[in-house]
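Below: one structure, written as structure tokens.
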Amino acid sequence: MDAVDAVTPDLKKNLYRTMLRIRRIEEKIAVLYPEQEMRCPTHLYIGQEAVAAGVCANLSKGDSVFGTYRAHGLYLSLGGDLNAMMAELYGKRTGCTRGKGGSMQLIAPDEGLLCTSALVGGTIPMAAGAGLAERLRRSDRVAVAVFGDGGTEEGVFHESLNFASLKKLPVVFVCENNFYAVYTHFSQRQCADNIYERAHAYAMPGVRVDGNDALEVYRAMREAVMRARRGAGPSLIECRTYRWLEHVGASSDVTRDPEELDEWIARCPVRTLQHRLVEEGLLSEEDIHRMKAEVDAEIVAAVRFAKESPFPAPEELEAGVYAP
Amino acid sequence: MSVPVSRRAGVPARHAEPAAPGDISDAVRMRAFRQAINEALHEAMARDDRTFIMGEGVDDPKLIFGSTAGLKERFGPERVFDIPLSENGMTGVIIGAALAGMRPIMTHQRIDFTLYAMDQIANHAAKRCYASGGRQSVPITIRALVGCGWGQGPQHSQSLQSVFAHIPGLKVVMPSSAYDAKGLLISSIEDNNPVIFIEHRRLYEIEDDVPDGHYKVPLGRGVVKCEGKDVTVVAVSLMVFESIRARQALAEAGIDAEIVDPRTIKPLDVNLILESVRKTGRLVIVDTAWKTCGFSAEIAALAAEECFGALKAPIRRVTLPDVPTPTTSALEKIYYPGALDIARAACDVMGLGGKVPPAVEASIAGMTTPTAPQFFGPF
Ligand SMILES: Cc1ncc(C[n+]2csc(CCOP(=O)(O)OP(=O)(O)O)c2C)c(N)n1
Ligand SMILES: [Mg+2]
């Protein structure tokens, strides 16, 4: 089955639901964050939803994913428990790391999210390592690294591509190029706008896709995953997208060109897919309302769960430094 | 409670070296730590056109929490520039530039990021002078901030002074006041060796009397922040601030603590510390970092080796527990020690069995001035 055939109506609807859910959860966090109860640095994903949704829709149980501190979208797309994510943001014992890691270090090991990190680039080689593990186990599972444009400036990006390609590991490297590292534009940090082409230097396929188009991301990812599963080695996908809010926290980023932001908002990934599905007759206004209502109810319950959950007890401070 | 000021007049002559008498006036000039750092950069860069500063975000709208304000406008984009997220490579770049005759300054918004550059720092910068038979030097200054609070968590709040101080060839500086920050940063930039300059984020808004113009606080010279006769408290960085609060409270119980701030972790002002311990006979060490193999262990060993006979009580240390920083505020607040922990340790070495007299506890609880402001971001 080629990639185009794989894009079934159900898949499209699922992608839409995933993205809508991420969007509404992030919007709710943005509203609640100023209450100062989520006492940890929080990097919102609004504007970039199509990447996580399109990437994760190709993965199944046993595949592993490594992300960054901007991982709410990945976590949710993989099926991570919303209650545990919200509780983590609120620093509660019921959080996915029991309050130890916060928003920047979400994990959902059962769903495949093995590591996210507050340090740029650090998880890229881990995906190569997970790919190595699958190779040694002779499984058909894949490992995925998701990282920002800034992450490609770290040496480990290059080292990981080389190694994964050298060993033909089942890895997909996914760059979310949102053009900024904090306030610094891509053009002030990189000599050329060619992230995807670097794959070629490491003898692997590299493609650039519209990261605001979930179907395009899905198709590129599907090809890369199939290639990895059949033992043909790694690929690199550059998804061009944009974050709507400030680097960290819930405010808008007033330092960027408002016209630039407006252009990207006009290309909203959630609305783009929604239009398409409505046009294709796959989605009615009623469906949309129902989905929104479902997600909103789920969010309300998750926030309540998080707020009502207990904080870790003092004894938990020293617990878990070493594995038993 | 007001923040202690190291008034120029109050600073013993051997601790400060004004560049020229004319630079210093008598008027009190209160400046935040952040501004003091900024002034030092301006002074050092204006004096020596071999200097330049680079780092992630040095010229972005947040200007490294305000500390690099005005530099780009004044010295131009060739000497003040943002860099790719390539900490190790970029550190190699400043080492190379230094070997080729420049005096680079690099900035990290979190000290945790310097770990990416540990290869260049430890294997190269620290070794070049020695491995060249003394023919070469690497005059670089690496500024690194310690994050604290607001869920900075395991990877954004480490306090790594001991890691660097362990390595011969590096100097490690850790100011606790705006006055010292300015004078020490100028000394660091003008020093011919690689200097790791560690700035605690929670000191950034604390003001002090900071002279205008160029002055140096020499590396390797500590300062007695407050004199006392009963117990020596050796504290660094933010912990100097907490120790002074503890000292005020301890006075309620008639305990007179002497606060010694080494200011540089390496080279260390050994004599200043030993002099104080010999005088008081009791020692509490307060660090911003972990206990095991840390700075506090070094000072304890020093006292045990050099003035064991003067000690009237076992040494006590107040440090972080040997645990990564938790993100949740519930654990963060018990993770970090404060004035009460320092007071408890002091009471312990005073023979009160670790019990803090109610008057001391009440005094700390009632201190109206909050500790250094909490940190809220940007990341
Ligand atoms: C090793 C390291 N260096 C610097 C930082 C500070 N920092 C945090 S996020 C960030 C920007 C990263 O940009 P990018 O990789 O494009 O990801 P985005 O935030 O755009 O998703 C920087 C510089 C860090 N966390 N880790
Ligand atoms: Mg980016």
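The values are calculated or read from the model by the stated rules, or taken from the named source; none is laboratory data. Just so it is clear, the structure is predicted and the values come from calculations on it, not from any experiment. Quick reminder, even Gly has a Cβ in these numbers, built from the backbone with ideal geometry, and neighbours come from all protein chains shown.
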Enumeration of residues in segment B:278-295 that are without any contact (Cβ under 8 Å) to a residue 60 or more places away in the chain and either assigned to a helix (DSSP H, G or I) or within 14 Å of another protein chain (Cβ to nearest Cβ) (or both): B:278, B:279, B:280, B:291, B:292
In this structure, is residue A:155 of a type outside the set (Ser, Thr, Tyr), within 11 Å of ligand 2 (Cβ to nearest atom) and within 14 Å of another protein chain (Cβ to nearest Cβ)? no
Which pairs do you get when a residue that is closer than 23 Å to residue B:119 by Cβ, found in segment A:152-176, comes within reach of a residue that is within 13 Å of ligand 2 (Cβ to nearest atom) and assigned to a strand (DSSP E or B), reach meaning Cβ atoms under 9 angstrom, with the pair 6+ apart or on two chains? A:152/A:175; A:152/A:177; A:152/A:238; A:153/A:181; A:154/A:147; A:157/A:147; A:157/A:175
Determine if segment B:306-321 includes at least one residue that is assigned to a loop (DSSP other than H, G, I, E, B), within 10 Å of chain A (Cβ to nearest Cβ) and more than 26 Å from residue B:249 (Cα to Cα). no
Against the condition surrounded by 24 or more Cβ atoms within 10 Å (Cβ to Cβ), touching a residue at least 24 places away in the same chain (Cβ under 8 Å), farther than 25 Å from residue A:122 by Cα and not polar (S, T, N, Q), how does residue B:138 come out, does it pass? yes
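Here are B:77, B:84, B:104: which of them is outside any helix (DSSP H, G or I) and either surrounded by fewer than 18 Cβ atoms within 10 Å (Cβ to Cβ) or of a type in the set (D, E, K, R) (or both)?
Answer to the check: B:77.
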Could you go through segment A:231-250 and let me know if any residue there is within 14 Å of chain B (Cβ to nearest Cβ), in contact with a helix residue (DSSP H, G or I) (Cβ under 6 Å, 6 or more places away or on another chain) and at pLDDT below 95. yes
(1) closer than 30 Å to residue A:35 by Cα; (2) surrounded by fewer than 23 Cβ atoms within 10 Å (Cβ to Cβ); (3) away from chain B (no Cβ under 11 Å); (4) more than 16 Å from ligand 1 (Cβ to nearest atom) all hold for residue A:115 apart from (4)
Restricting attention to segment A:120-130, does a residue exist that is surrounded by fewer than 22 Cβ atoms within 10 Å (Cβ to Cβ), part of a loop (DSSP other than H, G, I, E, B) and not charged (D, E, K, R)? yes
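Here is a yes/no grid of residues against (1) basic (Lys, Arg); (2) in contact (Cβ under 8 Å) with a residue 12 or more places away in the chain:
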residue: A:267; (1), (2): yes, yes
residue: A:275; (1), (2): no, no
residue: A:288; (1), (2): no, yes
residue: A:296; (1), (2): no, yes
residue: A:307; (1), (2): yes, yes
Considering only residues that are within 19 Å of residue B:123 (Cα to Cα) and β-branched (Val, Ile, Thr), which ones fall in segment B:49-107? B:91, B:93, B:94, B:95, B:105
